[in-house]
1. Specify which of the listed residues (259, 264) is surrounded by 18 or more Cβ atoms within 10 Å (Cβ to Cβ), in a strand (DSSP E or B) and among the hydrophobic types (A, V, I, L, M, F, W, C).
2. Just to check your reading of the model, which residue among 338, 300 is within 21 Å of residue 133 (Cα to Cα) and in contact (Cβ under 8 Å) with a residue 60 or more places away in the chain?
3. Of the residues that sit in the stretch 196-239 and are charged (D, E, K, R) and in contact (Cβ under 8 Å) with a residue 24 or more places away in the chain, which one is nearest to residue 360 (Cα to Cα)?
4. Is it the case, given these coordinates, that residue 1 is assigned to a loop (DSSP other than H, G, I, E, B), at pLDDT below 80 and not polar (S, T, N, Q)?
5. Being surrounded by 13 or more Cβ atoms within 10 Å (Cβ to Cβ), more than 18 Å from residue 133 (Cβ to Cβ) and of a type outside the set (Val, Ile, Thr) is the filter here, so list the residues in the stretch 178-198 that pass it.
6. Can you tell which of 206, 247 is out of contact with any Gly (no Cβ under 9 Å at 6 or more places or on another chain) and either modelled with pLDDT under 90 or over 30 Å from residue 39 (Cβ atoms) (or both)?
7. What are the pairs with Cβ atoms under 7 angstrom where one residue, in the stretch 273-290, is closer than 30 Å to residue 38 by Cα and assigned by TED's automatic domain parsing to the domain that holds residue 244 and the other, located anywhere, is crowded, with 16+ Cβ neighbours inside 10 Å and among the charged types (D, E, K, R)? Sequence gap at least six, or different chains.
8. Within the stretch 158-168, is even one residue crowded, with 17+ Cβ neighbours inside 10 Å, under 18 Å from the mean Cα position of the chain (by Cα), in the same structural domain as residue 305 (by TED's automatic domain parsing) and closer than 30 Å to residue 346 by Cα?
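The values are calculated or read from the model by the stated rules, or taken from the named source; none is laboratory data. Quantities reported herein were computed from a predicted structural model and do not represent experimental measurements. A quick note on method: Cβ atoms are made from the backbone with ideal geometry, for glycine too, and the neighbour counts reach across all protein chains shown.
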Amino acid sequence: MSVTTMKTVPSILSAFAALLFSCTASAAPGWIIATPGETVQSGKELKLETVRPDEKTSWPAILRLKLVTDQKTEIIIFQPDPSTPAKGLRATYAAMLPDLSGQIKIELADVASNRLMLLATTPEEQPAETFPETVGKADQLRGDASALSAHDPTYFILGARNGMNARYQISFKYRIFDKDSTPVQWLPVLKQVYFGYTQTSVWDLGVDSKPFHDTSYRPSLFWQKRLDLGESMPRYLRAGFEHESNGKEGINSRSINLAYAQPAWRADFANDKSLIFAPRFYVYTDKADNPDIARYRGYADWLLRYGDENEWVLSSALRTGTAGRSAQFDLSVPFRKALFARTGGFVHFQFFSGYGETLLDYNQRHPAQLRAGFSIVR
């Protein structure tokens, strides 16, 4: 990897993140509230981090918080948290939550503040250890609570580079062990183990007989967990093994095996949008079919996702190696009501530029490609 490339990619990511933070900050209300996570437990203490508008504004003796559910609206009194003294513009307040269930909306009752959407659960119905694949308010939808759930996006899109062509992808993940199963009772870490599968094809519709140019098959086995270690630390972690091959023989055979770790950071904004930064770092455990693939793919996928699952979502994936780099951007806009988190009907636009759009062409650079179509998982 060249020095110029190494400096350029992080600077682009930093600039992108700074721009998003600055844009949302300008529209934020005077008071800002935040919680440690997206779920709260009924009947338990909730700590509320509060940011006051300026140093001239004094901290109140109590904070009155409005909680809105489908059934009722309640006012809860929060007291200063003695274990976390106020510092600068930040202070922590705490209160015991009443019996709640489902989605709740919270905001300060007496002054203007941002609004938070949280999922209230009872001790018996704590949600699965989900990875932050959804952004915005819809992150609270329990689309990952079932054993079978969405993994990578699922779409069908068309482009016109060198004649009509299509790209489509299907993907899912499966939680292998039930939380009440005997193996989990013996070894609790097994309840966070998943099998994932993604298949991506490029289809040359503009050529006689309309052949498939290449198809990648990516089964994986991984473990994931929510961390909540602190503001600057990753909120989630996924780690595992992945195989990728194109099922061909001879000189067109491509195959790699990876071991990877993927931490994830998440920032939620007052406009109900979120930014997820989830780089995936990997090492090649087997690349005999394509020994120089690291020169084009590198050792990391730099993944960003911004938006709101109820509105538009923009995601990007960047790869860089010593011999080349690639970039993919996906923009999706819903045209029907979501079925659950990340799943529904969306107009989907995809732009790809660089090396290795398919595994067969990992060391080939084609002209940039813009495609449009639809997706059912984004």
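1. 264
2. Working: 300 fails: in contact (Cβ under 8 Å) with a residue 60 or more places away in the chain.
Going through 338, 300 in turn, just one is within 21 Å of residue 133 (Cα to Cα) and in contact (Cβ under 8 Å) with a residue 60 or more places away in the chain: 338.
3. To start, the set of residues in the stretch 196-239 that are charged (D, E, K, R) comprises 204, 208, 210, 214, 218, 225-226, 228, 231, 235, 238.
Next, from what is left, pick out any that are in contact (Cβ under 8 Å) with a residue 24 or more places away in the chain: 204, 214, 218, 225-226, 228, 235, 238.
On the way: 204: 14, 214: 6, 218: 14, 225: 33, 226: 35, 228: 40, 235: 35, 238: 27 Å.
Across the stretch 196-239, the extreme among qualifying residues is 214.
4. Working: assigned to a loop (DSSP other than H, G, I, E, B): yes; at pLDDT below 80: yes; not polar (S, T, N, Q): yes.
Spelling it out, residue 1 is indeed assigned to a loop (DSSP other than H, G, I, E, B), at pLDDT below 80 and not polar (S, T, N, Q).
5. First, pick out the residues of the stretch 178-198 that are surrounded by 13 or more Cβ atoms within 10 Å (Cβ to Cβ): 179, 183-184, 190-198.
Checking which are more than 18 Å from residue 133 (Cβ to Cβ) leaves us with 179, 183-184, 190-191.
Answer for the stretch 178-198, where residues must be surrounded by 13 or more Cβ atoms within 10 Å (Cβ to Cβ), more than 18 Å from residue 133 (Cβ to Cβ) and of a type outside the set (Val, Ile, Thr): 179, 183, 190, 191.
6. On the way: 206 fails: out of contact with any Gly (no Cβ under 9 Å at 6 or more places or on another chain).
Going through 206, 247 in turn, just one is out of contact with any Gly (no Cβ under 9 Å at 6 or more places or on another chain) and either modelled with pLDDT under 90 or over 30 Å from residue 39 (Cβ atoms) (or both): 247.
7. Close Cβ pairs (under 7 Å, with a partner that is crowded, with 16+ Cβ neighbours inside 10 Å and among the charged types (D, E, K, R)) amount to 273/308; 274/139; 274/266; 274/268; 276/266; 276/305; 279/301; 280/301.
8. no
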